[in-house]
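The values are calculated or read from the model by the stated rules, or taken from the named source; none is laboratory data. Quick caveat: nothing in here was measured; it's all calculated off a predicted structure. Positions of Cβ are generated from backbone atoms using ideal geometry, with glycine treated the same way; all protein chains shown enter the neighbour counts. Each accessible area value is taken on the protein alone, full model and side chains, heavy atoms only, with ligands, DNA and RNA left out. Shrake-Rupley method; radii C 1.70, N 1.55, O 1.52, S 1.80 Å.
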Amino acid sequence: MARLYVVSGPSGVGKSTIAHAILDKFKDSIIYSISMTTRHIREGEIEGREYIFTTVAEFEKLISEGAFIEHAKVHDNYYGTLRSQIESALAKGINVLLDIDTKGAQNIKKNYHDAVLIFIAPPSTDELRQRLLKRHTDSVEVIEKRIHNAIQEIEMSSTYDYIVKNIDLEQAVGECEGIIEDHMNNASARA
Ligand code: 5GP
């Protein structure tokens with residue numbers, strides 16, 4: 001039975017690297033949920049690959065039409081998971097990986113009880129600050145705001161099914177892949 005796998009964690013924690021590794025390993029059985037967002041496209045990003053980028057007006061119209069299974073405002077921008085993407089994958093028996101914030105993850109669990117929630121935690125907030133500074137994608141003010149949000153997100157991690165601390169990337173990837181494999185094996189054992 002196909003299900004949703006959600007990874008959350010503060011920005012700079014290594015979530016997207018981990019998500020890429022998971023998608024690579026399970027390329028025949030898991031697809032990535034490409035969220036819609038109103039934030040500006042970053043250098044290196046491609047429309048329709050990391051996100052579907054849109055305007056606030058269009059996003060709000062889609063909210064009123066019920067196009068999202070969950071949406072949230074993160075760092076002052078809208079982000080949402082498109083119902084059409086998720087439902088068509090699940091109907092075809094394909095698992096979906098979502099990289100969404102802690103509020104989004106809670107909303108997913110409410111509607112998809114068998115969703116598996118994995119929180120990727122940084123070794124410490126100081127280490128997270130260093131990683132965000134090294135990334136050179138945000139100003140110091142934005143980084144401080146992200147750290148503030150990170151502290152709140154870490155407080156929510158106790159509601160997750162699993163917490164994976166990213167001290168060593170390879171190890172964290174291995175732990176996440178192991179969790180997913182276990183769930184896939186259990187699902188096929190029950191089928
Ligand atoms: P970024 O702007 O750095 O790509 O993402 C900022 C935050 O938004 C990340 O924590 C990411 O997980 C979250 N996010 C991305 N897409 C969605 C979504 O569709 N829904 C929710 N709730 N959060 C999202």
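Some points to look at:
- For the stretch 59-191, the convex hull spanned by the alpha carbon atoms encloses 130 Å³ per residue.
- Listed values for the stretch 25-36 are Karplus-derived 3J(HN,Hα) couplings in whole Hz (6.51 cos²θ - 1.76 cosθ + 1.60, θ = phi - 60°), namely 5, 10, 5, 8, 10, 10, 10, 9, 7, 8, 6, 9, and x replaces Gly and Pro.
- Accessible area per residue for the stretch 1-90, computed on protein heavy atoms with a 1.4 Å probe, is 49 Å².
- Within the accessible area of the stretch 4-190 (1.4 Å probe), percent carbon and sulfur: 52
- Surface per residue (accessible, 1.4 Å probe) for the stretch 113-191, Å²: 59
- Full extension of the chain between E58 and D168 gives 35.6 nm of extra length, using 0.36 nm per residue less the Cα-Cα distance.
- Measuring between their Cα centroids, the stretch 157-184 and the stretch 15-86 lie 22 Å from each other.
- Neighbour net charge for I22 - beta-carbon separation under 12 angstrom, K R +1, D E -1: -2
- Based on C-alpha pairs under 8 angstrom that are at least 6 apart in sequence, the chain has a relative contact order of 32 percent.
- Within the stretch 38-53: backbone nitrogen closer than 16 Å to the S88 label point (7 Å, Cα to C-beta): 48-49, 52
- For I163, the residues 5 or more places off, or on other chains, whose built amide H falls under 5 Å of its own are F119.
- Accessible area of K15 (1.4 Å probe, protein heavy atoms only, ligands and nucleic acids ignored): about 30 Å².
- Given K92/K145; K109/K134; K27/K145; K61/K110; K61/K92; K110/K165, the pairs whose alpha carbons are separated by over 31 Å: K92/K145; K109/K134; K27/K145
- Phi to ³J(HN,Hα) by Karplus 6.51 cos²θ - 1.76 cosθ + 1.60 over the stretch 113-122, Hz, x for Gly, Pro: 4, 8, 4, 10, 9, 10, 9, 9, 9, x
- For S64, solvent-accessible area (1.4 Å; no DNA, RNA or ligand), Å²: 100
- Taking all protein chains together and rolling a 1.4 Å probe, D28 ends up with roughly 150 Å² accessible.
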